[in-house]
1. Highest mean first, how do 97-109, 77-89 rank when packing is the count of other Cβ atoms within 10 Å averaged over residues?
2. Taking a label point 7 Å from the Cα of Leu41 along the Cα→Cβ vector, which residues of the stretch 65-93 have an amide N closer than 19 Å to it?
3. Any chance you could run the full-extension gain for Glu118 through Ser73? It's 0.36 nm times the residue separation minus the Cα-Cα distance, nm to one decimal.
4. Could you run the Karplus curve 6.51 cos²θ - 1.76 cosθ + 1.60 with θ = phi - 60° over the stretch 62-74 and give me ³J(HN,Hα) per residue in whole Hz, x for Gly and Pro?
Amino acid sequence: MSQPRTHISDSSSVPDPRGGQVARTDLDAVPVVAVSGEFDLDSCPLMLEAVTTAAGESPVVVLDLTAVEFADSTFLNVLLRAHQLTDLRLAGVSEQVARLLEITGTDQLLKLFLTVAEAAAAPGTPV
């Protein structure tokens, strides 16, 4: 298995002054967007931009949620929009995000994986 390769773009590894941080890497040619911190109405546009860009480059996108500390309905909206654009795979879903997905029933719609490596390697047909 190859090592993750850092992809440099305007939004990579850039902290959002409103609370969230987004970083972009590639694992075995699959874009991985790692988000950390708090995501709400003010901070979700950076995540949406990164996921949309990755979706334009690949039929599969992994979203690493390991370090998400807070997520609201705006965050959920970004996940659903991304799900419509690509074969979105959520990795390392934090307890807080898992609860949000469970309450809204979207845990039955979205693809959840324990690790980024599992998500990137999973077979599947792009949406």
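Nothing in this text is a laboratory measurement; each read-out follows from the coordinates by a stated rule. Small disclaimer: the values here were computed from a predicted structure and weren't measured. Cβ coordinates were reconstructed from backbone atoms using ideal geometry, including for glycine residues, and neighbour counts include every protein chain displayed.
1. 77-89, 97-109
2. Only 70-81 pass the distance filter.
3. Full extension from Glu118 to Ser73 adds 13.6 nm.
4. 9, 10, 8, 9, 3, 9, 6, 9, 8, 8, 10, 5, 5
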